Each structure stands twice: as structure tokens, then as C-alpha cells.
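First up is the structure itself, then whatever we jot down about it.
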Amino acid sequence: MDSPHRGTPRIPQQPRTSQEEYARSRHAVWLGAAALLSDELGRVLLVKPTYRGEWLLPGGCAEPGESPETACRREVHEELGLSRAPGKLLAVHWLSPGHPDVAAGLPFPGEVRYVLDGGVLTAADIASLRLPADELSGYRLIDPHAASELMTPVDARIVVAAVRARMSGATAHLSDGHHAGSVPSWDRHPSHERTQAALQSPDRPCADRVCADRPTPRAEGPAPGSGDGKPGKTGPATTVATSAAAAADTPGCPATSTAYGRSPVWLPPEEYAEKLLKSTSFACLFFTDERERPLQLRSVYSPGHPWQWPGGTMDPGERPWQTALRECQEETGIAFGGPPRLIASVFGGPGRAWPFSTIGFVFDGGRLTGQEIEDIALDADEHDEVRVLAVEEWRALMPRRDFARLEAVMEARRTGATAYFDSWDWDE
């Protein structure tokens, strides 16, 4: 089908709010990034924060304008003293508001966390680790299955899924610590998450011992500048009116370094939440026709990004897959049944037209027949045309980065490997 299919002819009403007002009305979530680093025996590196009881993968919240990859690189350098580029995307995880692993009383809108491959650490790398003493009290190299003894249940499941994804060359799509949709074949059965070298090592009986559990001090006093990018941290000239005794009764809220190198104290949950980077999230379904030609909808409200996939911004309390199904039915009348298969994770930095970073989940909607395409019923307030074209024919109709995203998604569909696309910024 080469000709455009038009919806109802009435002229749509244009939005009456500014782009900034509209953006601020959208559901905003937290954005985080972490690195999966292991040693040559396959043991995973965890760090022990000074502000909570459980251990974590190295990582943290993104700063304004940062992509997950950039945030991961910065956090690894700040927390471990290592300068290394993150590798493949291993897992994307959604943590819902109200989840039991979230600290009581913390205003939590939900979090999208990217887990990227930090690679294998040599003995020299491990010897060179330098931890910020006001933030981390030590590190350990552990067997992945021992993560449940040190981490929250959700974080431990993320670690195991990320390790198995690394070994299989896949990407895990997780929601509240579990696979979204059916469990992939590479994670259905118990298996070793260790290299052959680890299994043959004479140190195997002690392979899960504590390799290091000690702070490595940095220069005296807090880090310079107005903040170090960690959740809840303030700069050296900031004081917090919270006693250490009160802090002990406030679970889950990160510590902050007070002025002149005094001991860390706790931020109130509301203040901690306010300091975190907010991002808007969307989810969509990617369809082609039976000849593998992408289907897209023409927007009536976004001349800068005119061609879109059925989908939209997450509503409060929704999971990405729920958003994709709801938006698809609202925009096209298609009641898609699944199962969910994530084919791309998209990140965009803020710009003049949109003040927040954007996180996107692209799910495979499969192939539509000609009749199914003819039956699409557009919402005229959002789209006025549905079109099916060969990939190269879309190039002239789309901004450069939108087309690059389309190519990445088509390649992910072809290869079965989830795409990680982090340059879909609002400002070209």
C-alpha cells in the first residue's frame, strides 16, 4: 500500500498551552544508570553506600541533559576512579511507584534504570580502585547469585538478569525486578554465571570472598563544586538541619555531605526527591506491513517531528507496556495483544522545545495486513494520516535523527538484538 490513508476530515484543534507548559504537565520519572563490572573470574563488583544498608551496582542518577551512557561513565569515574566507556546495554528496568523496595515516605514517581556493560576488570584495575569515602565505604566482588544476600530483592534480580543477558548477547527488559512479558529462553533455567576460568580456578572455594571492604579516602573534606551529581548530595557550603539521630530513623533517603567535611546526614524524602533529575517517558508500538515497510502516523501538533509511531507519554502508575497498548488503541483503534517484545530503548536530551530528558520504549507490533491498515481509525486531534513506505523513502520526510532512529529500530527488528539509541535529542 503506497498511497496515504486519511482519517476523519475535520480540522483538529491545536493545543492551547505552550510547549513548556505541556511538558511540565506530563508524568515525570527518575532516570538512572549503572555499570555491570566483573573480574576475570566472573564475580560482579558491588559498592557499599554510606547512606543505606544494601549494596549497589556502581551508578546513580543522571544529571540534567545526560544520556544514560554519559551518566554511567561519569558515575564509574566518580565512584571507582576508573575512566572507561560503557559497552552494550544489558538491561532496562522500570521500578513502579509504591514498590515495597522503595523507602517509606519517599515521593517516588517511578524510575527507569539502564544497566550497561562495564567490562572485565583486571587485577591492576581492581588495585587502582579509589572510592569516595563520604559516599562509599567499600566494595566487594561476589558471585551473582550471592547478590540476594547483600542487595534489595529487585536489585539482586537485576544483577542476575544483566549477567545472563551479557552471556547471551541479549538485552533484558525488566519491570519491578521481573521480565516484562514471557521469560526469555536464556533466563528460563538455573545456570552458572561464571566464566570457565572461574570454574577451573584453584581459588574457586573462596571465589565469593570479600575482595575489599574498605573505604579509599579522597582529599580531605567534601568534593568541590555545588554538587557531585549523586542523589541527595549538596555542595560543601550547604548545611542540612537534620540530626544524625533522626537520620537513623529515616530509611532509604541518601545522605548528604555538610559543610567543611562533617559526617553525612540525611535529607528529608521530599527534599531528596526534588533534587533528582526528572524525565518524561513514552512507549510505542512499531508496525510494518507484510513487505517489511514501516508504518507511521503524521502528527498534527508536532511539525518538528511529524512522523510518529503509535504511542505516547506514560500516565502516572502505568508500566511502559500498558502505555504502548493504551496509546495504540486510542490513536489507531488497534487492540494489540502482545506479547511484549522490546526492540529499542530511546533516550533524548532536553532542548528548547522540551525542558526534560525523554526515555522511550519501542515494542515490536509485528506485521499488519493490508486490511488491518485500511481499518486504522485515526484520532483527528492527534494524527491526520497513516502512511506505509519503504525505509529509504522515509528519509526525505523525517528529521535526520528521527530517520536514524527508524533505521536503528528496523535493524533491531531484523537481527533480534535490542537497539540502544541515545541521540534522539530535541535540539538538532
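Let's see how each residue does on (1) exposed (fewer than 15 other Cβ atoms within 10 Å of the Cβ); (2) at positive phi; (3) in contact with a Cys (Cβ under 8 Å, 6 or more places away or on another chain):
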position	(1), (2), (3)
P339	yes, no, no
P355	no, no, no
V362	no, no, yes
G365	no, no, yes
I373	no, no, no
A377	yes, no, no
D384	no, no, no
Kindly check whether there is at least one residue in the range 279-288 that is at pLDDT 50 or above, part of a loop (DSSP other than H, G, I, E, B) and touching a Lys or Arg at 6+ places or on another chain (Cβ under 9 Å).
no
Quick one: is S18 modelled with pLDDT under 95 and not assigned by TED's automatic domain parsing to the domain that holds A146?
yes
Please tell me if S302 is closer than 19 Å to D402 by Cβ and at pLDDT 90 or above.
no
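One line per residue, one yes/no per condition, for (1) in contact (Cβ under 8 Å) with a residue 60 or more places away in the chain; (2) farther than 17 Å from W55 by Cα:
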site	(1), (2)
A103	yes, no
P107	yes, yes
L116	yes, yes
A133	yes, no
H145	no, no
H178	no, yes
Among the residues of the range 396-417, write down those that are basic (K, R) and in contact (Cβ under 8 Å) with a residue 40 or more places away in the chain.
R405, R413
Can G304 be described as more than 23 Å from L89 (Cβ to Cβ) and assigned to a loop (DSSP other than H, G, I, E, B)?
yes
Scan of the range 46-77 for residues that are assigned to a helix (DSSP H, G or I) and over 18 Å from W30 (Cβ atoms), ordered by number
R73, V76, H77
Please work out which one of (1) part of a helix (DSSP H, G or I); (2) surrounded by fewer than 19 Cβ atoms within 10 Å (Cβ to Cβ); (3) of a type in the set (V, I, T) is the condition V120 fails and give its number.
(1)
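The values are calculated or read from the model by the stated rules, or taken from the named source; none is laboratory data. Computed from a predicted structure; not experimentally measured. Cβ atoms come from the backbone with ideal geometry, glycine included; neighbour counts cover every protein chain shown.
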